[in-house]
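Structure first, commentary second.
None of the figures in this text is laboratory data; all of them are computed from the coordinates on show. Keep in mind that this is a model prediction, so the values were computed, not measured. Here the Cβ is made from the backbone with ideal geometry for all residues, glycine too, and neighbour counts use every protein chain on show.
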Ligand SMILES: C[S@@+](CC[C@H](N)C(=O)[O-])C[C@H]1O[C@@H](n2cnc3c(N)ncnc32)[C@H](O)[C@@H]1O
């Protein structure tokens, strides 16, 4: 990979007030790795989350699947105390996915698993799960089907849109809606259009919305980030 001087890369003139000062070493390295084909979209998503999530936060994993994203979020919200400073509310429509996430947490974080609440429900119902008036720092979606599972059970545009609207309502200022969209399966492209239309329609004074997409890998996952400004 070519060596690029950090000063050539990060030139943000009007970043949101919650944003870290630039350049950001971890994010920069992973993002460059992605640009040069060495890092995955999900790795980019995780380092973006790290810039937003603070210890003690409550975050939502809207598609917990095998639990990899839930685990990454948990590590970001946990503080050093034995009690749960932060929490992850994770959901999936498949019982298999809930079990897979539970098993991963059991193997990796032991008693800290108690800081994750797992729900076998559709993400369009997230407002029924997250306690009212709670400050939610992030809602993350990793759309598509469960890797290693039944490929015919996928996220679909209609409920994804309902869930995005719910996420918009519960997110705190300084929070992030993060979406990884897979377009290689049937319905994936339409779902991307729905996610893009949703992000494009958010008011520019309150939201910063962007998309990261490979040009010559038409089936590569697309990243969409929607950051709610702190006013
Ligand atoms: C790409 S996988 C998620 C991967 C996961 N984040 C991980 O780290 O392993 C997509 C998941 O979305 C789930 N899903 C599909 N429709 C859903 C819905 N309406 N509500 C919640 N989860 C859904 C699927 O069951 C599948 O497990």
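Can you compute the helix-only [θ] at 222 nm over the chain? Use -39500 (n - 2.57) per DSSP H run of at least 4 residues, normalise by all residues, nearest 500 deg cm²/dmol. The partial results should precede the final answer.
Values: 7 runs with 79 residues, N = 231.
Here the helix-only value at 222 nm equals -10500 deg cm²/dmol.
Please work out, to two decimal places, the log10 of the ratio I(q)/I(0) at q = 0.14, 0.16 Å⁻¹ from a Debye calculation in which every Cα of the range 98-231 carries one identical scatterer.
Here log10 of I(q) over I(0) equals -0.72, -0.93.
So how do 102, 111 line up by other beta-carbon neighbours within 10 Å, fewest first?
Working: 102 17, 111 8.
Listing 102, 111 from fewest to most nearby Cβ atoms yields 111, 102.
Taking the chain as the region of interest, what is the percent of Cα-Cα pairs per 5 angstrom bin, listed from the shortest bin to the one with the maximum distance?
Reading upward from the zero bin: 1, 6, 14, 18, 21, 18, 12, 7, 2, 0.
Using a 7 Å offset from the Cα along the Cα-to-Cβ direction at both residue 99 and residue 190, what is the distance between the two label points in nm, to one decimal?
The modelled label-to-label distance comes out at 3.1 nm.
Taking other Cβ within 10 Å of each residue's Cβ, how do 207, 49 sort, fewest first?
Working: 207 17, 49 20.
By the 10 Å Cβ count, ascending, the order reads 207, 49.
Show me 130-137, 153-160, 59-66, 221-228 ranked by packing, highest mean number of other Cβ atoms within 10 Å first. Display every interim value, and only then the final one.
Numbers: 130-137: 13.8, 153-160: 16.8, 59-66: 26.6, 221-228: 22.4.
Top of the packing list down: 59-66, 221-228, 153-160, 130-137.
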